[in-house]
Structures are given as structure tokens and as C-alpha cells.
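Asker: Quick one: this structure, given as C-alpha cells, is what I'll be asking you about.
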Amino acid sequence: METRALLTWICVCLLVRPLTSQTPDGVLNCCEGDVLFLVDSSGSVSSYEHSSMLSFLSELLLPFALGEDQVRVGLLQVGTKPRLEFGFDTFSTQSGLQGALRNIKPLRGDTNTVEALKMAKEWVLRPGAADGARAGLPRVLVWLTDGVKPGDVVGPMTKLQEEGVAVLVVSTGHGNYQVLRKVVSPPVEDHLYFVDIDDMSIITEDLRDAIIEIIRAERIQVRDVSTSSATLQWRPVLSGLTGYYEIRFGPVLTGGSTSGGGGTGTSPSTGGSHYERLTQTADSSTARLTGLKPDTTYTATLTPESNDQAFNTLSVTFKTNPEVLSPSTVTISESGPTSVRVSWGPLQPEKVTSYYIEYSALPRGRLNAVTVGSNQNSTLLRDLQPDTTYLVTISARHASGKEKAMSVKVCTQEVTPALADLQLTTVGSDSVQVDWKGSVAGVRGYWLTWEGQRGSGPVPGQPSSLYLPADSLSTRLTHIPPSARVCVSPIYRMARGEGLCCTAQFHSDALAYGFQS
């Protein structure tokens, strides 16, 4: 009795023991793709078999890094009414996935695999299901079945393969080999497994390797490309392994070969041409390529070297940016009657020694010139003629000896009169409203003069005067004699400018009069 109790306790412990599998080396960051598991949970599958399948999946998936830029996993159960237990966007952590696998209950009923495949094609594995960031990534369907009455699955499985889905099958021993071999993707020996429900763990590593082979992230990208450098970026497939990355790069010549001055070797894949070589540690995922030539097409190869397992060599082709010599842009601002500001770019003090600016009035004006330093990207041209077109040429003198010039035409503005449109409006029999239009620029104020007042005060006929600030454009004069002449002149810092005059006409039928000199 005690012996039976002991054996029972051991069996229970074996059934409920926690999963303690170690993460296989080099798997976490190896892959990028979508994997959907089609799990048979119909009435022909016992609770024990269903639980064993889920435990098998738990151990199979444990090593993978999950997430948007890693591996995404979905699970669809097969029964009378198939059910999607979770989709690709549900879990991004192993803890969430493992918890979900422990809580899945069987559906029972008929083995409606055909309907489940329709759901997989329509909602999960359709080409448009992947967004832009995952477009083109591999898609995998893994079918776990007891092989009992699966239905007519050859047609639906074939259509999935035609749409780029890799199909793998695990049968727990009752399946029709001839049917199952027709639905898996080649090679059949790597993608079709027959195993007893109690021995599923013996195929865990082989099935995982088969999935990895399909979704291995063998992509290399180029970013931060400039005129003389670029950055290679890849998934660190050697993470956790011993080894290094070997990188080779060189410009592509006519015929597809590569060549690079100062190369350190001869590439066996580029027709015996020279190339640059560098190495990165196993935990690296980027490398900066420097010393490149502007506006040149390069090919770079990345080879993960490791004694633990073999990896494919990845390659990428890119083109460096064309060299931009200053000046490439010229802009005009602060344009006035006698001056204008000229700006240029880009500022390249490390390449340019000085800038030489020439300007002259068109068509045959006197040539003027000014030189500025390499850290200056604008200058104010002064003493220009109003309302005149100038040709301005900016020349950059580069340290390499090159010289690049760029010319533009600029127009100075017309001179705006400081005073215009003087008007007098009589108010009553001896008052006048004086209004005018003026330009505030450079004007300090206005000087008004008119003939003497009636009666007391200055001698009749002797002019009187009044100063007004620059922002005053009107005033009212009183006690103005008939036909009095009113003049308004602008006041500048050093002198009084030319003014305008009008004669006041006190007539009952005329209210406003234009100016006259």
C-alpha cells in the first residue's frame, strides 16, 4: 500500500512539476515573424493529450523574445466552432504567454479543421494583417493534431502556402501520412513530425530549429547615411554565443565588383577587388562605416562567425549622399532703398577658409567686393542705389583648393517720400484741419509754418511755426487769415527736408483743397 502511494505521489509530481527549461543560447534575438498554432481540442483529444500539447508548446516557445519587432504568437483551437484564444498582438512577454497557455480549456465537439483554416486565412494569416513595419516578414502555421478525421485540409493548406505561409505539422500518431505530407511545406523531413503524446519533448528542439530557420531575422539595414559614413544595423544573432561579426565593404564598380583605396584584403565574392574589413563583438548590433566617398554606391556584407552554429552571410547595397559644397542656398532679407542683407549656406567652417562677395548694379555698375570669414553666413551690403537691380555673387574658397560660387539678383526698394498728400480742410471762418501722409523711417518730427495770426501777436504776414513729433500726421490751426499758406516739412537728425505747402481757402462752398507747391 505504501509503495502504491509513493508511486502515485511521484506521478503527480511529474505531472505538475514547473517548467524549468533553460533558454537555449542564441535564440532570444534570432527571429522576427508571426507564428500561429492550430491546436486540435475536439472530442477525439483527451484532456491529458490536450494538456500535454499545451505543455509542449510552453517549452517550445519559452526561449523566444516576443513583441512587435521580435516574434508574435497566436493560438487557434479546433472544435465544432473553432476559437481564437489569442492573436499576434496579445502577448509581448513570456510571462503573459505562459500564463495563457496554462489556462486554455479544450473545446470538444467535432474536428472542424477546415473552418479553423478559413479563420486563420481570413483574420490571422492574411497578407494585409501585417502593418507596414512587419510587411514581408515570414508567417508560419504549426498544426498540432491527433490525426482523427481532419477533413479536407489539402486545398486550404495549399492556398495558405501559395500566399507565403510556411506550414508545419505535428501528429500524435494517428494521422494519414499521405495526407499530411501533402499539406506541409518542403522539406517534408524537417516540417512533418509523428510522435507519441508522451514523447513530444523529444521533438521540441528539432521543431524549434525548423521554426527558427523560417523566421530567422536575416536582415541588415543601413541608416544615418552621410557623404562619408553610414551605420549598419542588424539583429544580434550571436547574443549568448561565442564568436564575432566580420564586416566587409567597398564601392561598387561597373560590372558589380567592389574596390576601395587602402583596402586590407581581397573579397572572394566581388571578383577579387579590394575591400575594407572590420570586426565587431558577438553582442554588437551596429557598426559605423567611415572614410566613404560622396555620391558612391557601396556593398557591405555581414558574416556572423561562431563555432556553435552556422549563419548565413547578409549583404546590403547603399549610396552615400552627394557632397554639398557651400554655398548651395542664398537668401535675401532686410531689403531697403540703400542696403540689403545677403545670407548663404550651409555653413562649413571646417571646409571653407573664407567667403568673397561681389556686387554691382546692372547692367554695368561699378564692381564692389567684401571678404568675410568662414564662420560668417551673411553680410549687409550698404550704400546701394534705390530702386536698382544688383547682381550679387558669393564665392566660397575651400581648403581643398576648390572654389564654388553662386549668384543672385537683388532689387533695392524705392525711396518712400517722407511727406505726401498734404490736405487742408477749413473749419469755420478762421480754422484749418491739416492732414498729411508721412514715412516714420528716419524722420524725427515735422515743422509747420503758416502766416501770422489775426489781431495781436506776431506782425500780420510774418510766418508762425509749430513742431510736431514724428508720429503726428495731423493738427488744427486756428485764427488763420484768408488765403494763408500752410507748409509742412520733415525734420531729420541733421537737417530739415523738403516740404509741401497748401493755401487755405475760406469759402462756404469748398471744404477740402489739394496741395500745391
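The values are calculated or read from the model by the stated rules, or taken from the named source; none is laboratory data. What you are looking at is a predicted structure, and each value in this text was computed from that prediction instead of being measured. A quick note on method: Cβ atoms are made from the backbone with ideal geometry, for glycine too, and the neighbour counts reach across all protein chains shown. Just the protein is used for accessible areas: all its heavy atoms, side chains included, with ligands, DNA and RNA removed. Shrake-Rupley method; radii C 1.70, N 1.55, O 1.52, S 1.80 Å.
Asker: Condition check: loosely packed, with under 15 Cβ neighbours inside 10 Å, of a type in the set (Lys, Arg) and either at pLDDT 80 or above or outside any loop (DSSP other than H, G, I, E, B) (or both). Does ARG476 satisfy that?
Answerer: Numbers: loosely packed, with under 15 Cβ neighbours inside 10 Å: yes; of a type in the set (Lys, Arg): yes; either at pLDDT 80 or above or outside any loop (DSSP other than H, G, I, E, B) (or both): yes.
Against the criterion (loosely packed, with under 15 Cβ neighbours inside 10 Å, of a type in the set (Lys, Arg) and either at pLDDT 80 or above or outside any loop (DSSP other than H, G, I, E, B) (or both)), ARG476 qualifies.
Asker: Something else: Which of (1) at pLDDT 90 or above; (2) part of a strand (DSSP E or B); (3) surrounded by 14 or more Cβ atoms within 10 Å (Cβ to Cβ) does SER315 not meet, given it meets every other one?
Answerer: Answer for SER315: the failing condition is (1).
Asker: Okay, next question. Does segment 365-383 contain any residue that is open to solvent by less than 30 Å² (accessible area, probe 1.4 Å), closer than 28 Å to GLY442 by Cα and more than 40 Å from the chain's Cα centre (by Cα)?
Answerer: In the first step, residues of segment 365-383 are kept if they are open to solvent by less than 30 Å² (accessible area, probe 1.4 Å); the result is 372, 374, 378-379, 381.
Going one step further and asking which of them are closer than 28 Å to GLY442 by Cα, we end up with 378-379, 381.
Okay, now just the ones that are also more than 40 Å from the chain's Cα centre (by Cα), so none.
No, segment 365-383 has no match at all.
Asker: Same structure again: Any idea how many residues of segment 274-310 are in a loop (DSSP other than H, G, I, E, B), open to solvent by 30 Å² or more (accessible area, probe 1.4 Å), in contact with a Leu (Cβ under 8 Å, 6 or more places away or on another chain) and under 14 Å from GLU246 (Cα atoms)?
Answerer: Total meeting the criteria: 1.
Asker: Counting only residues that are over 17 Å from SER339 (Cα atoms) and modelled with pLDDT under 90, give me the strands (runs of 3 or more DSSP E) lying completely in segment 364-416 with at least 1 of them.
Answerer: 389-398, 403-411
Asker: Would you tally the residues in segment 436-454 being open to solvent by 30 Å² or more (accessible area, probe 1.4 Å), modelled with pLDDT under 90 and among the polar types (S, T, N, Q)?
Answerer: Residues meeting the conditions: 1.
Asker: Give the number of residues within segment 354-363 that are touching a Lys or Arg at 6+ places or on another chain (Cβ under 9 Å) and in a strand (DSSP E or B). Before the answer, list the steps.
Answerer: Going residue by residue through segment 354-363, those that are touching a Lys or Arg at 6+ places or on another chain (Cβ under 9 Å) are 354-356, 360, 362.
Narrowing the set further to residues that are in a strand (DSSP E or B) leaves 354-356, 360.
Count: 4.
Asker: Take residues that are open to solvent by less than 20 Å² (accessible area, probe 1.4 Å) and modelled with pLDDT under 90 and tell me which of the helices (runs of 4 or more DSSP H) falling wholly in segment 123-205 contain 3 or more. Quick ask: steps written out before the conclusion?
Answerer: Details: elements: 154-162, 177-183, 188-191.
Here the list is empty.
Asker: Name the pairs: first residue in segment 184-203 and in contact (Cβ under 8 Å) with a residue 60 or more places away in the chain and within 11 Å of MET53 (Cα to Cα), second residue surrounded by fewer than 16 Cβ atoms within 10 Å (Cβ to Cβ) and small (Gly, Ala, Ser), Cβ to Cβ under 8 Å, at least 6 apart or on different chains?
Answerer: ILE197/GLY173
Asker: Any idea which of VAL352, VAL410, VAL342 is closer than 30 Å to PRO490 by Cβ and surrounded by 14 or more Cβ atoms within 10 Å (Cβ to Cβ)?
Answerer: VAL410
One line per residue, one yes/no per condition, for (1) within 36 Å of the chain's Cα centre (by Cα); (2) open to solvent by less than 50 Å² (accessible area, probe 1.4 Å); (3) free of Cβ contacts under 8 Å to residues at least 60 places away in the same chain:
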residue: LEU62; (1), (2), (3): yes, yes, yes
residue: LEU66; (1), (2), (3): yes, yes, yes
residue: VAL73; (1), (2), (3): yes, yes, yes
residue: GLY79; (1), (2), (3): no, yes, yes
residue: SER92; (1), (2), (3): yes, no, yes
residue: GLY96; (1), (2), (3): yes, yes, yes
residue: ALA100; (1), (2), (3): no, yes, yes
residue: ASN103; (1), (2), (3): no, no, yes
residue: THR111; (1), (2), (3): no, yes, no
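Asker: Can I ask one more? So THR389 clears everything in (1) in contact with a Leu (Cβ under 7 Å, 6 or more places away or on another chain); (2) open to solvent by less than 30 Å² (accessible area, probe 1.4 Å); (3) of a type in the set (Ser, Thr, Tyr) except one condition, right? Which one?
Answerer: (2)
Asker: Mind telling me which of the residues ALA230, ALA166 ends up being in contact (Cβ under 8 Å) with a residue 60 or more places away in the chain and small (Gly, Ala, Ser)?
Answerer: Checking each option against the conditions leaves just ALA230.
Asker: On to the next question. With the checklist (1) closer than 28 Å to GLU59 by Cα; (2) modelled with pLDDT under 90; (3) not in a loop (DSSP other than H, G, I, E, B) in hand, flag the one item GLN221 doesn't pass.
Answerer: Result: GLN221 passes all but (1).
Asker: Any residue in segment 325-346 that's over 13 Å from LEU381 (Cα atoms) and among the aromatic types (Phe, Trp, Tyr): show its pairings with residues that are open to solvent by 30 Å² or more (accessible area, probe 1.4 Å) and part of a loop (DSSP other than H, G, I, E, B) at Cβ separation under 9 Å, as long as the two are six or more apart or on different chains.
Answerer: Partner pairs satisfying both residue conditions: TRP344/SER328; TRP344/ASN377.
Asker: Applying the selection to segment 86-117, what residues are under 26 Å from GLU213 (Cα atoms) and among the charged types (D, E, K, R)?
Answerer: ASP89
Asker: Residues of segment 394-407 being under 18 Å from SER333 (Cβ atoms) and surrounded by 17 or more Cβ atoms within 10 Å (Cβ to Cβ), which ones?
Answerer: ILE394 - this is the single residue of segment 394-407 that is under 18 Å from SER333 (Cβ atoms) and surrounded by 17 or more Cβ atoms within 10 Å (Cβ to Cβ).
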